[in-house]
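The values are calculated or read from the model by the stated rules, or taken from the named source; none is laboratory data. Computed from a prediction, not measured in an experiment: that's the story for all the values here. All Cβ positions, even for glycine, are placed from backbone atoms using ideal geometry, and neighbour counts span all protein chains on display. Remember, those area values only see protein heavy atoms, side chains included, never the ligands or the DNA or RNA. Shrake-Rupley method; radii C 1.70, N 1.55, O 1.52, S 1.80 Å.
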Amino acid sequence: MELKHVVPNMEKTFGNLEYAGEGKVEQRRINGRMTTLSRSYNLYSDIQRADDVEVILPQEAGEKFFEHEEKIKLVNARITAEGYKIGERGFTNYILHADDMVKS
C-alpha cells in the first residue's frame, strides 16, 4: 500500500492561518508557451511558529490577492512527503497542498 498523502486536522496542526506573502511560481514551456503549473504562498500559523507554512495551489486556483496578515482558510488541504539523501543521512520534506485558499 502506497501513502499518497495525509489529510491534516487543520485546527490542531496549524491553528489560525494568516497570509504572509507570495512564494514561487512553477512554470513550464508547453507547445512553445510558458504555462503556470502551480503557485506557492507563505502563511503564518499560531501553532507552527518556528517557520512560515508554505502551501502549494494548482494553476486552476488562480492567482491569490490578500492583505498581509489577513486570516485565510485552505480548501481540501493535504500533506505529501518527499525524501532525499545527503551523504549517508536521509531527510524528509513535508509539502502542504490545497485546492484553493479563501478568506476566513
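Values as computed for the structure displayed
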| quantity | calculated |
| --- | --- |
| Single match in 44, 84 (criterion: within 15 Å of the chain's Cα centre (by Cα) and among the hydroxyl-bearing types (Ser, Thr, Tyr)) | 44 |
| Condition check for residue 73: open to solvent by 100 Å² or more (accessible area, probe 1.4 Å), more than 13 Å from the chain's Cα centre (by Cα) and among the basic types (Lys, Arg) | no |
| Every residue from the stretch 56-104 that is among the hydroxyl-bearing types (Ser, Thr, Tyr) and either over 20 Å from residue 4 (Cβ atoms) or at pLDDT 95 or above (or both) | 104 |
| Enumeration of residues in the stretch 1-53 that are of a type in the set (S, T, N, Q), open to solvent by 60 Å² or more (accessible area, probe 1.4 Å) and either at pLDDT below 90 or in a strand (DSSP E or B) (or both) | 9, 27, 48 |
| Every residue from the stretch 74-104 that is among the acidic types (Asp, Glu) and assigned to a strand (DSSP E or B) | 82, 100 |
| Check on residue 56, touching a His at 6+ places or on another chain (Cβ under 9 Å), without any contact (Cβ under 8 Å) to a residue 60 or more places away in the chain and surrounded by 16 or more Cβ atoms within 10 Å (Cβ to Cβ) | yes |
